[in-house]
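Have a look at this one.
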Amino acid sequence: MKPSFERKRTAVALLCAGAALVLQACGGGGGSDGGSAPPASGSASPSGPDTSAGNSGSVSAQYVLSPDRGQHHLVGVGSQRLGRISEIAQNGASGAILKINESELSGQAVVQNISGSEAFALGRWVAGTVTTSSGAETLTGKDNRSYHYVVFNAPSAYPQSGSFSCDAGTFSTPTRVSGSSSAPATGSTSGQASLSFAADGATVAGSLTMTAGSGKGSVPLKTSGLDPRQNSITGSYFSGGAGAAVQVADGGNGTFQVVGSYRATTPDGAGYIGVFRFACK
């Protein structure tokens, strides 16, 4: 569908307990890379070695960064970075993102769950040296430690109305960040989402189901009144419980995406994180 568009809104909606907390994506919470950012730059060449052994997935096209609308989620053990993209590097061969702002994967780099197009890129840093503003650490690929990323462009504006159907979703392999070491290090995720627009912004409905061994955890995605360039925090995402940071992204050619990062918890208390993307048209 090709709806008419209205000017983007700038108000930030803060909803009460039991509802979603909406934050500006360019300055949200929980390790946001917010604040003023220099003009974004990008490269299709790697920011460090990208070894093919161990990589998985592919992209249909290289992600095309919009200098003023590029956004990202990058989450790992004890780390949640959401916000603008000021610098990015994507490997031209594998399509893996190897650098987002000050966060970079180098050394014997292994990236799995690689997926993407001109409108987004998604994946999981599994092995190599990760350098962030907090320092450097080595991922071995032999335990539960990973960094999950999704990059995209925020819409320039929303339709005044309309409903969009979303596909079955694309997900990184969830990894354990808390709980007993006897719990599985990884799991699998499925989900569903729908997207609609009205005068007060975007409404997302749906949920994710994360399965690790015999344990399952549900993650709510439901949110409303969402403005362009905002993410909505559902559940208890920033306080160690189940929840997600949900955002609407530009899908190109009048389509949209529902993207974000999440944390799921299983009945035995294990916590798992990952990123997701639904294409909606």
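Mind listing just one residue for me: the one in the range 79-96 that is touching a strand residue (DSSP E or B) at 6+ places or on another chain (Cβ under 6 Å) and aliphatic (A, V, I, L, M) and, of those, nearest to GLY260 (Cα to Cα)?
That would be LEU82.
Okay, moving on. I'm trying to understand the selection: among the residues of the range 72-84, which are of a type in the set (A, V, I, L, M) and surrounded by fewer than 23 Cβ atoms within 10 Å (Cβ to Cβ)?
Hit for the range 72-84 is VAL77, nothing else.
Taking interchain pairs and intrachain pairs at least six residues apart, which have beta carbon atoms under 9 angstrom, with the first residue in the range 177-188 and in the same structural domain as ASP268 (by TED's automatic domain parsing) and within 14 Å of VAL77 (Cα to Cα) and the second among the aliphatic types (A, V, I, L, M) and part of a loop (DSSP other than H, G, I, E, B)?
From residues that are in the same structural domain as ASP268 (by TED's automatic domain parsing) and within 14 Å of VAL77 (Cα to Cα), the pairs are VAL177/VAL77; VAL177/ALA270; SER178/VAL77; SER178/ALA270; GLY179/ALA270.
Would you mind telling me which numbered condition in (1) at negative phi; (2) outside the structural domain of ALA249 (by TED's automatic domain parsing) SER163 fails?
(2) is the only condition that SER163 fails.
When you go through ALA61, ALA89, ALA53 one by one, which is the residue that is over 18 Å from the mean Cα position of the chain (by Cα) and modelled with pLDDT of 95 or more?
ALA61
Inspect all residues belonging to the range 221-238 and state whether any of them is surrounded by fewer than 21 Cβ atoms within 10 Å (Cβ to Cβ) and farther than 30 Å from SER66 by Cα.
Scanning the range 221-238, I find at least one residue that is surrounded by fewer than 21 Cβ atoms within 10 Å (Cβ to Cβ) and farther than 30 Å from SER66 by Cα, so the answer is yes.
Sticking with this structure for a sec: If you take the residues in the range 239-264 that are among the polar types (S, T, N, Q) and surrounded by fewer than 24 Cβ atoms within 10 Å (Cβ to Cβ), which one is farthest from ALA185 (Cα to Cα)? Break it down into steps so the answer makes sense when it comes.
First pass over the range 239-264, keeping only residues among the polar types (S, T, N, Q): 239, 247, 253, 255, 257, 261.
Pick out the ones that are also surrounded by fewer than 24 Cβ atoms within 10 Å (Cβ to Cβ) and you get 239, 253, 255.
On the way: SER239: 21, ASN253: 39, THR255: 35 Å.
Restricting to residues being among the polar types (S, T, N, Q) and surrounded by fewer than 24 Cβ atoms within 10 Å (Cβ to Cβ), the top hit is ASN253.
Also, quick follow-up: On the given criteria, is GLN230 over 11 Å from TYR262 (Cα atoms), in contact with a Leu (Cβ under 8 Å, 6 or more places away or on another chain) and not small (Gly, Ala, Ser)?
Answer is yes for this residue.
In the range 117-125, is there at least one residue being in contact with a strand residue (DSSP E or B) (Cβ under 7 Å, 6 or more places away or on another chain), modelled with pLDDT under 95 and not assigned by TED's automatic domain parsing to the domain that holds PRO174?
No, the range 117-125 contains no residue that is in contact with a strand residue (DSSP E or B) (Cβ under 7 Å, 6 or more places away or on another chain), modelled with pLDDT under 95 and not assigned by TED's automatic domain parsing to the domain that holds PRO174.
Which residue is farthest from VAL77 (Cα to Cα), if the candidates are limited to the range 189-205 and must be buried (at least 19 other Cβ atoms within 10 Å of the Cβ) and touching a Leu at 6+ places or on another chain (Cβ under 9 Å)?
GLY201
Please enumerate the residues belonging to the range 183-203 that are within 21 Å of TYR149 (Cα to Cα) and assigned to a strand (DSSP E or B).
THR186, SER188, THR189, SER190, GLY191, GLN192, ALA193
Restricting to the range 92-132, name every residue that is of a type in the set (S, T, N, Q) and either under 27 Å from VAL248 (Cβ atoms) or part of a strand (DSSP E or B) (or both).
Answer for the range 92-132, where residues must be of a type in the set (S, T, N, Q) and either under 27 Å from VAL248 (Cβ atoms) or part of a strand (DSSP E or B) (or both): ASN101, SER103, SER106, GLN108, GLN112, ASN113, SER115, SER117, THR129, THR131, THR132.
Residue by residue, here is whether (1) part of a strand (DSSP E or B); (2) in contact with a Gly (Cβ under 8 Å, 6 or more places away or on another chain); (3) at pLDDT below 95; (4) within 14 Å of ALA119 (Cα to Cα) holds:
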residue: THR234; (1), (2), (3), (4): yes, yes, no, no
residue: GLY241; (1), (2), (3), (4): no, yes, yes, no
residue: ASP250; (1), (2), (3), (4): yes, no, no, yes
residue: ALA279; (1), (2), (3), (4): yes, yes, no, yes
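Would you mind listing the strands (runs of 3 or more DSSP E) fully within the range 136-182 where at least 2 residues are under 29 Å from GLU102 (Cβ atoms) and not aliphatic (A, V, I, L, M)? If you could, list the steps in order and put the result at the bottom.
On the way: elements: 147-153, 162-165, 175-178.
Of the strands (runs of 3 or more DSSP E) lying wholly inside the range 136-182, those with at least 2 residues that are under 29 Å from GLU102 (Cβ atoms) and not aliphatic (A, V, I, L, M) span 147-153, 175-178.
Can you tell me which of ARG124, ARG176 is farther than 24 Å from GLY95 by Cα and of a type outside the set (Gly, Ala, Ser)?
Checking each option against the conditions leaves just ARG176.
The values are calculated or read from the model by the stated rules, or taken from the named source; none is laboratory data. Being a predicted model, the structure only gives us computed values, none of them experimental. A quick note on method: Cβ atoms are made from the backbone with ideal geometry, for glycine too, and the neighbour counts reach across all protein chains shown.
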